[in-house]
Amino acid sequence: MARDIASAYTRALDASAAADDLAAQLEAADPAAISFFASHHHDGAALGRRLRQAFPRAAVIGCTTAGELTQEAWLSGAVSALALGHGKIRSAAAALARFDQGVASGIARAGEQLSTALALDLRQADPRRYVGVVLVEGLGMQEEAANDALGNLAPTVSFVGGSAGDDGEFKRTRVFCNGEESDNGAALLLLDVAVPFVVAKTCSFEPASADYAVTRVDVERRIVYEIDGRPALEVYASLVGVPKGALDDSVFMAHPFGLMIDGKRWIRSPQRVLPDGGLKFYCQILEGMRVHVMRSTGLVADTRRELSQVRARLGGSMSGGLAFNCILRRKEIDAMQTQDAFIESFGGLQMAGFHTYGESWLGHINQTLTGLWFA
Amino acid sequence: MRDLRQIRSLLGESLMDEGKLALVSARLILRTGMSITELRPEHVQSPAAIAKVTLALAEMGFDLDAISKRSKGRG
């Protein structure tokens with residue numbers, strides 16, 4: 001009997017060997033859809049083609065990473081994968097959105113392919129039955145545009161995922177779809193799900209300050225210049241209690257900005273101080289948004305709590321899913337040496353995921369774990 | 001001009017599904033910084049806030065005038 005869901009990983013570097021190793025581990029799931037996450041040293045397109053040969057009925061997407069994950073392993077330079085079987089997925093379709101002629105048009109074309117393949121009007125799709133996965137190239141700062149385009153196309157369907165990485169080199173990231181690849185696009189997977197599922201996000205932060213209005217920004221370049229009409233660096237340094245000259249990665253990682261709306265936390269992480277006095281972020285902050293400076297609350301405990309809540313929302317039965325974990329969370333886990341504890345949070349599940357250059361769910365977010373979990 | 005309460009009400013009538021409304025509301029938060037489910041008093045009748053939300057909804061394909069006409073037609 002098929003297992004319906006299976007995770008796998010391999011340390012093989014050769015694409016064929018890696019695909020064969022994964023295929024042997026995933027076969028029992030009778031895959032309808034496969035998501036794989038490979039180091040940037042792998043030939044992901046070839047790996048995807050080989051997986052399609054092994055499972056011709058499966059839609060296959062993937063991307064390069066800043067590290068790979070399963071419920072058993074914290075990996076680097078490897079490949080992780082999750083197969084969702086026909087027992088869980090009625091039908092699945094994958095499409096590659098190429099951004100060469102614009103993000104919106106690329107997403108629209110890919111959306112048409114998904115719509116045709118599943119014979120579905122995306123605007124009318126039932127969010128309790130359909131869910132998407134989106135893997136976006138991670139260096140072109142086009143995640144907001146990609147998520148907005150998905151929202152314009154299918155406003156009531158969740159697309160959850162993350163931005164491709166290259167293990168911190170920040171040179172080239174790629175996404176893969178049914179054996180094709182792009183370093184300027186997004187891989188989309190749309191699932192018609194036969195079992196209960198939950199899209200979830202968690203971040204381990206709480207407000208450490210009152211909220212302040214962001215008053216001058218360069219949205220496209222993700223730079224904040226003024227907060228409450230004062231220089232952003234001055235305000236931020238004062239709120240975190242360090243001199244402006246001491247603002248560095250460790251401060252940014254511990255004290256991102258957060259939008260607190262409807263009781264949910266939407267994290268915006270600073271990236272670096274610019275010579276012109278701007279504070280550059282890993283995602284956009286809009287003028288007029290009110291943000292808090294946040295403080296850490298305990299990443300592993302919060303992850304466990306979130307997974308426990310997801311299990312409860314699924315009626316107590318949770319088989320596994322996909323996890324998209326921010327590279328900044330990876331750095332925090334590395335610094336705290338809590339890799340084993342983090343991985344143990346997923347014990348008993350079939351999980352595959354990767355460390356991202358940003359997370360997606362309805363928009364682009366930072367320092368968050370987004371996930372798609374199945375009963 | 002409609003205020004944000006009226007916009008929320010129209011959107012709810014159009015979607016007729018709390019789950020769908022929650023997803024569209026979350027998208028609005030990320031596009032505008034404003035919530036239509038937990039309205040801030042200073043946003044409710046703010047022309048700038050209303051314009052931002054109306055534009056974001058239009059981009060997502062929600063024509064509030066058309067929804068309003070349909071709603072009145074049903075009423």
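The values are calculated or read from the model by the stated rules, or taken from the named source; none is laboratory data. Quick caveat, the model's predicted, so the values are computed rather than measured. Positions of Cβ are backbone-derived with ideal geometry, glycine not excepted, and every protein chain shown enters the neighbour counts. Heavy atoms of the whole protein, side chains included, go into the accessibility calculation; ligands, DNA and RNA do not. Shrake-Rupley method; radii C 1.70, N 1.55, O 1.52, S 1.80 Å.
When you check A:ASP192 against the structure, is it within 30 Å of A:GLY320 (Cα to Cα), touching a Lys or Arg at 6+ places or on another chain (Cβ under 8 Å) and not hydrophobic (A, V, I, L, M, F, W, C), yes or no? Spelling it out, A:ASP192 is indeed within 30 Å of A:GLY320 (Cα to Cα), touching a Lys or Arg at 6+ places or on another chain (Cβ under 8 Å) and not hydrophobic (A, V, I, L, M, F, W, C).
Residues checked against (1) farther than 24 Å from A:ALA45 by Cβ; (2) within 20 Å of the chain's Cα centre (by Cα); (3) of a type in the set (Asp, Glu):
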{"position": "A:GLU68", "(1), (2), (3)": "no, yes, yes"}
{"position": "A:LEU75", "(1), (2), (3)": "no, yes, no"}
{"position": "A:GLY102", "(1), (2), (3)": "no, no, no"}
{"position": "A:VAL134", "(1), (2), (3)": "no, yes, no"}
{"position": "A:GLU144", "(1), (2), (3)": "yes, yes, yes"}
{"position": "A:ALA149", "(1), (2), (3)": "no, yes, no"}
{"position": "A:LEU153", "(1), (2), (3)": "yes, yes, no"}
{"position": "A:GLY162", "(1), (2), (3)": "no, yes, no"}
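Residue count for the range A:213-257, restricted to those that are open to solvent by 70 Å² or more (accessible area, probe 1.4 Å) and in a strand (DSSP E or B): 2. Test B:VAL44 against the stated conditions and say whether it is more than 8 Å from every other protein chain (Cβ to nearest Cβ), open to solvent by less than 60 Å² (accessible area, probe 1.4 Å), more than 26 Å from A:VAL160 (Cα to Cα) and touching a helix residue (DSSP H, G or I) at 6+ places or on another chain (Cβ under 9 Å). Spelling it out, B:VAL44 is indeed more than 8 Å from every other protein chain (Cβ to nearest Cβ), open to solvent by less than 60 Å² (accessible area, probe 1.4 Å), more than 26 Å from A:VAL160 (Cα to Cα) and touching a helix residue (DSSP H, G or I) at 6+ places or on another chain (Cβ under 9 Å). When every residue of the range A:351-365 is checked against the conditions, at least one turns out to be in the same structural domain as A:ALA81 (by TED's automatic domain parsing), among the polar types (S, T, N, Q) and touching a Cys at 6+ places or on another chain (Cβ under 9 Å). If you filter the range B:47-63 down to residues that are at the interface with chain A (Cβ under 10 Å from one of its Cβ atoms) and open to solvent by less than 10 Å² (accessible area, probe 1.4 Å), you find that the one that is farthest from A:SER105 (Cα to Cα) is B:ALA49. Of the strands (runs of 3 or more DSSP E) lying entirely inside the range A:52-161, those carrying at least 3 residues that are within 14 Å of chain B (Cβ to nearest Cβ) are A:130-136. Counting only strands (runs of 3 or more DSSP E) that sit wholly inside the range A:261-331, those with at least 1 residues that are open to solvent by 20 Å² or more (accessible area, probe 1.4 Å) are A:264-268, A:270-273, A:279-281, A:290-296.
Rundown of residues vs (1) modelled with pLDDT of 95 or more; (2) not in a strand (DSSP E or B), yes/no style:
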| position | (1), (2) |
| --- | --- |
| A:ILE333 | yes, yes |
| A:ALA341 | yes, yes |
| A:GLY347 | no, yes |
| A:MET351 | yes, no |
| A:PHE354 | yes, no |
| A:GLY371 | yes, no |
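When A:LEU191 is tested against (1) closer than 21 Å to A:GLU112 by Cα; (2) touching a helix residue (DSSP H, G or I) at 6+ places or on another chain (Cβ under 8 Å); (3) buried (at least 23 other Cβ atoms within 10 Å of the Cβ), exactly one condition is not met: (2). The single residue among B:LEU30, B:LEU10 that is of a type in the set (A, V, I, L, M), in contact (Cβ under 8 Å) with a residue 60 or more places away in the chain and surrounded by 19 or more Cβ atoms within 10 Å (Cβ to Cβ) turns out to be B:LEU10. Inspect the range B:22-39 for any residue being farther than 26 Å from A:VAL131 by Cα and either more than 9 Å from chain A (Cβ to nearest Cβ) or of a type in the set (Gly, Ala, Ser) (or both) and give the result as yes or no. Yes, some residue in the range B:22-39 is farther than 26 Å from A:VAL131 by Cα and either more than 9 Å from chain A (Cβ to nearest Cβ) or of a type in the set (Gly, Ala, Ser) (or both). Residues of the range A:352-375 that are more than 14 Å from chain B (Cβ to nearest Cβ), closer than 29 Å to A:SER250 by Cβ and not small (Gly, Ala, Ser): A:PHE354, A:HIS355, A:THR356, A:TYR357, A:GLN367, A:LEU369.
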